[in-house]
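Here the structure is laid out as structure tokens; the discussion comes afterwards.
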Amino acid sequence: MLKQILSKLPRKSSKTAENREHGGHRAIYSNVSTGSRSSDVGTTKAGNSTITSLPSSNSVSDLGQKHINRVHLGANLKQNGNSGFSAYEALPEFREVPNSEKQNLFIKKLHLCCFVFDCTDPTKNLKEKEIKRQTLLELLDYVTSANGKFQETVMQEAIKMVSANLFRAFNPQPRENKVINGFDMEEEEPSMDPAWPHLQIVYEFLLRFVASPETDAKLAKRYIDQSFILKLLDLFDTDDPRQREYLKTTLHRIYGKFMVHRPFIRKAINNIFFQFIFETEKQNGIAELLEILGSIINGFALPLKEEHEVFLVRALIPLHKPRCLAMYHLPLSYCITQFVEKDCKLADTVIRGLLKYWPITNSSKEVMFLNELDEVLEATQQPEFQRFMVPLFRQIARCLNSSHFQVAERALFLWNNDHIENLITQNRTVILPIIFPALEINARNHWNQAVHNLTMNVRKIFHDLDPELFKECLLKLEEDESKEDKIKAKRAATWSRLENFAAQKTASDEALPVSCKEPRTYSG
């Protein structure tokens, strides 16, 4: 009777049974060969990971749930100040479970990767970090090789995992310690995110998930929504250029796939530019955002919408104002040129905008303006050119006389462009009188020999093209110089008479007796 009663009592499970329940030993991963988009990102292959003893297919769901519980346990341990993550264990591989269980296992692996480790200490939780990295690689491989539409639950959990890893507070270097001048910031070493071994795989996962044909845009837009896009745009301010490159590619794919979000993305980028131009002048991702816009503008349909022209006038052209223009000038110049190539009538708007923000004391920035001017004039037609040629060549004349040889040299290089030279030639009766004095001053006494030689070449072009006009301009210059000399001589004579009169007055006052001098009175 006693034996029967004891036999009915619950028995304590042994370590052997416990090991059997959890599939024996934990998964042990070997090195994974690298590949995919970057050399740092690896993709799992058959045979790279082994599990010594696997549970039956019927127990995979129970086993996965236990692992998820352990992840939450590890999080609780960290919150309580315990650095131990002994409960953070790897899940079985996809190749080890039947197809019917793969999607559930995929979701459980997403849950496992939602936990974010502290990567500021490279010696901390090495084993757990490696388990997470290997799991991320498995998720990446699963998304890449998927051959069926992702269900809504999968999309939701995938975006949750991405958000948990990417949308976190990062501590950039204090901007006060940085030189605001963009030329010095180019040489500064960017700060690299210590969590990059995990972040790179997450970025690659998001990129492939968005680009996958198995991702239905109608369902995915519920989770890749406006809030998600705004958080992605906030990440562009990171100091790490590797992250900005991934963000650029990913946002461009989102723009291409989710047509419903296109106006919102353009407006959000527009707001970032406004804040940068008129408030902070501090944003690390302006160049990458302009690169995205370059492709977007290239795809604009004709005729251009009023919204796009307003964006050009209010956002792109004022981007020439900040001091750190060198950090993003190339993609900005490309965007501006794309607008002019789309609609040549915008050339007048663009040129007058450049003249409005033309630098006065920054020679390096002035060279960039001249480079951009060359590209815009290349896409300009004769009617538009005649609208702005007078104010434009007044500014070019000032550039020709610049004491900074690179500015003068770059202005003279405009005549090396056949299209621009043709525009100037057809309007020489207006242009030559404006720039002729500057050419003559350079030819006489510019200190740089290269500028002097280029000036002589331009003078020869006009002289050979229209000798009569050239002679008229020369005579006009001589007359103006003669008048100027007369004005200078008259001004000098006037000053001389004033000085002589003041000297005589002083001498006569000193010769008078003291009693004859009028006493000076002071008020108040």
Next item on the list: For the range 313-463, would you read off the P(r) tail past 26 Å as a percentage of all alpha carbon pairs?
Entry: 22
Check: Any idea how far apart C119 and K231 come out in nm if each label point goes 7 Å out from Cα toward Cβ?
Finding: 1.7
Item checked: Principal axis dimensions, largest first and in whole angstrom, of the range 187-321 by Cα -> 42, 41, 23
Check: With +1 on each Lys and Arg Cβ and -1 on each Asp and Glu Cβ, how big is the dipole of the range 416-502 about its Cα centre, in debye rounded to the nearest 20?
Finding: 420
Notebook entry, point to check: With every protein chain present, what is the per residue accessible area of the range 380-511 (1.4 Å probe, Å²)?
Noted result: 59
Notebook entry, point to check: Expressed in nm to one decimal, what extension gain is obtained for the pair D485 and A164 from 0.36 nm per residue of sequence separation less their Cα-Cα distance?
Noted result: 108.0 nm
Note to self: Given R₀ = 22 Å, what would the calculated FRET efficiency be for E309 paired with V390, taking r from the Cβ atoms and rounding to 0.05?
What the structure shows: 0.40
Check: Can you work out the FRET efficiency for the pair D464 and Q382, with r the C-beta to C-beta distance and R0 = 25 Å, to the nearest 0.05?
Finding: 0.70
Item checked: Test item: Cα-centred dipole of the range 194-308, Lys/Arg +1 and Asp/Glu -1 on Cβ, debye -> 460
Item checked: Per residue Cα convex hull volume in Å³ - calculated over the range 401-516 -> 141
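The values are calculated or read from the model by the stated rules, or taken from the named source; none is laboratory data. Model, not experiment: these values are computed from the prediction. We place every Cβ from the backbone using ideal geometry, glycine too, and count neighbours over all the protein chains shown. Keep in mind that these areas ignore ligands, DNA and RNA; they rest on the heavy atoms of the full protein, side chains included. Shrake-Rupley method; radii C 1.70, N 1.55, O 1.52, S 1.80 Å.
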